[in-house]
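Below you'll find the structure, written out as structure tokens, and then a few comments.
The values are calculated or read from the model by the stated rules, or taken from the named source; none is laboratory data. What you see is a predicted model; the values in this text were computed from it and never measured. Cβ coordinates were reconstructed from backbone atoms using ideal geometry, including for glycine residues, and neighbour counts include every protein chain displayed. Keep in mind that these areas ignore ligands, DNA and RNA; they rest on the heavy atoms of the full protein, side chains included. Shrake-Rupley method; radii C 1.70, N 1.55, O 1.52, S 1.80 Å.
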Amino acid sequence: REMFKVILENYNEQIRQNKQLRKELGLVLQQKDRRRAMLTELGLLEWSRDYYKNVNTQEYCYPLDELTGVRAYERIGDTVSAKLVNEAADVSYAKSSAIVTGGTVSRQTVRNKLLKLAIPEKEMPERKPYVRELHVYADEDHVHMQKPGKQKGKQNQIVPVVTVSEGVKPVCQGRNALISPMHFVDEEFDTERLWGSVSGYISKTYDAEKLEKIYVHGDGGGWIKKGLLDFAQAEHVMDKFHFFKRLKALSRKFPAQSVQARILNALEKNDREYADRILHGLAANSENEKACNEALEFGTFVFGHWEEIRSALRKAAGGSCTEGQVSHVLSERFSRDPLGWSKEGLGKLTKVRVSVKNGRPIEADDFKLHERPETYAQYADRLIEESMQGAIDWSIFEVTPPVFDGVAGTQVLIHAFGENRGVLN
């Protein structure tokens, strides 16, 4: 720290003594040796620098701060800030401060650093033309939110998360791991923009012409069904955990009816009528209204996701781990403990946590204001825009034709001319 202090103050002295340079730049000395302090990896660094007025712009400045890249009002170095934010992805703000600075900064300071951060995406990877199959897992976490004025009651925020992988590989007996997983969330929980990022990543990373299948695993939610519809190879698959959870719950209501075996048989044979008869029979023979409603609700679920469930039961689709991804990526930090979040803080921190999970922790340079590289969503939009260039716009033929008043004088005259010329039928 003492070494850096000497170097900085030596630079300051050189600026002060170089009167010719100051005259050319229009710098007039206003005050000497104003103190400045910043928390760095080495500890609290303190130094002195001079205060000037620029007569050309009529603005006041610290040339040494501009020379060294120290921003106004910044009291914590970017490297320390990056460490605070990265730690906050796994532990509380207070614990992050304790780990990185020994508790020197407050938990509110850690949160402020997070909110000021423009979180980058992981750099575009090299293209992988050899991949033939992808598995995409989509689900959401339900996070408790803070309510203004300590109001009573619960308020939840749905946080969608999507994981793209190239399949699974065995790690040890009874345990598998995803191959090249890439996780995605959206700061504002916008599912359309989230799928745009996923689409852009797949288009950039993999050769669409060589991709034979993209399995989209999910619980049948509306936002999940809208995912990757632009890919002809995409096939939506029901997550087996969600399906069998509902099926087993219904079977327990009717233990003597062999519900599970009969429903699976109907799905295997693709016999909707048989499944409908089974469920209506269960509803008709229910002992109480609750069991009747559960049979009907299960029917709504099965027939609403019939093809997705049949796809899941085929061995080609493989297993699913949507719940595991939600637990690993989000729940472990955001919803397991009795925590309450603000919407802005939750959006930022989920993005940071996903970035860390993807192998791209926050760096010191991320706190500096500079142009960001193209995002995956922007890449997907650019692909669509480029593919549409030079295409003929047929949209005028999709517009509902206008309805004219056929008995109006003008219309009668037009039709008369048309009939005489053989133009109109």
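Is there any pair with a first residue in segment 1-28 that is modelled with pLDDT of 90 or more and hydrophobic (A, V, I, L, M, F, W, C) and a second that is surrounded by 11 or more Cβ atoms within 10 Å (Cβ to Cβ) and in a helix (DSSP H, G or I) whose Cβ atoms are under 6 Å apart and which are 6 or more apart or on different chains, and what are they?
Here the result reads I15/P63, each pair linking segment 1-28 to a residue that is surrounded by 11 or more Cβ atoms within 10 Å (Cβ to Cβ) and in a helix (DSSP H, G or I).
Have a look at D141, D65 and point out the one that is open to solvent by less than 50 Å² (accessible area, probe 1.4 Å) and either within 22 Å of the chain's Cα centre (by Cα) or among the hydrophobic types (A, V, I, L, M, F, W, C) (or both). Before you say what the answer is, go through the steps one by one.
Numbers: D65 fails: either within 22 Å of the chain's Cα centre (by Cα) or among the hydrophobic types (A, V, I, L, M, F, W, C) (or both).
D141 is the lone residue from the list that is open to solvent by less than 50 Å² (accessible area, probe 1.4 Å) and either within 22 Å of the chain's Cα centre (by Cα) or among the hydrophobic types (A, V, I, L, M, F, W, C) (or both).
Taking segment 75-118 only, how many residues are under 15 Å from L349 (Cα atoms) and either acidic (D, E) or not in a helix (DSSP H, G or I) (or both)?
Number of matching residues: 7.
Is there a residue in segment 285-302 that is out of contact with any Leu (no Cβ under 8 Å at 6 or more places or on another chain), among the hydrophobic types (A, V, I, L, M, F, W, C) and closer than 27 Å to I214 by Cβ?
Within segment 285-302, one or more residues are out of contact with any Leu (no Cβ under 8 Å at 6 or more places or on another chain), among the hydrophobic types (A, V, I, L, M, F, W, C) and closer than 27 Å to I214 by Cβ.
Out of segment 1-54, which residues are under 29 Å from K83 (Cβ atoms), in contact with a Phe, Trp or Tyr (Cβ under 7 Å, 6 or more places away or on another chain) and among the aliphatic types (A, V, I, L, M)?
Within segment 1-54, the first condition is being under 29 Å from K83 (Cβ atoms), and the residues that meet it are 1-12, 34-49.
Checking which are in contact with a Phe, Trp or Tyr (Cβ under 7 Å, 6 or more places away or on another chain) leaves us with 5, 8-9, 34, 36, 45, 49.
Within segment 1-54, L8, L45 meet the criteria.
Which one is modelled with the lowest pLDDT, of the residues in segment 313-334 that are crowded, with 18+ Cβ neighbours inside 10 Å and in contact with a Gly (Cβ under 9 Å, 6 or more places away or on another chain)?
Out of the qualifying residues, it is S320.
Tally time: how many residues in segment 98-109 are in contact (Cβ under 8 Å) with a residue 60 or more places away in the chain and open to solvent by 50 Å² or more (accessible area, probe 1.4 Å)? Walk me through how you get there before you give the answer.
Narrowing segment 98-109 to residues in contact (Cβ under 8 Å) with a residue 60 or more places away in the chain: 101, 104-105.
Keeping just the survivors that are open to solvent by 50 Å² or more (accessible area, probe 1.4 Å) gives 104.
Of the residues in segment 98-109, 1 are in contact (Cβ under 8 Å) with a residue 60 or more places away in the chain and open to solvent by 50 Å² or more (accessible area, probe 1.4 Å).
For segment 335-348, give me each residue that is surrounded by 18 or more Cβ atoms within 10 Å (Cβ to Cβ) and under 15 Å from the mean Cα position of the chain (by Cα). Lay out the reasoning, then the answer.
First, the residues of segment 335-348 that are surrounded by 18 or more Cβ atoms within 10 Å (Cβ to Cβ): 335, 341, 346-348.
L346, G347, K348, listed by residue number.
Would you check if P170 is out of contact with any Lys or Arg (no Cβ under 6 Å at 6 or more places or on another chain) and closer than 18 Å to E121 by Cβ?
Details: out of contact with any Lys or Arg (no Cβ under 6 Å at 6 or more places or on another chain): yes; closer than 18 Å to E121 by Cβ: no.
No: the conditions fail for P170.
Any residue in segment 81-97 that is among the β-branched types (V, I, T) sitting within a Cβ distance under 8 Å of a residue that is surrounded by 24 or more Cβ atoms within 10 Å (Cβ to Cβ) and not in a helix (DSSP H, G or I)? List the pairs, counting only those 6 or more apart or interchain.
Every condition considered, the pairs that remain are V85/I362.
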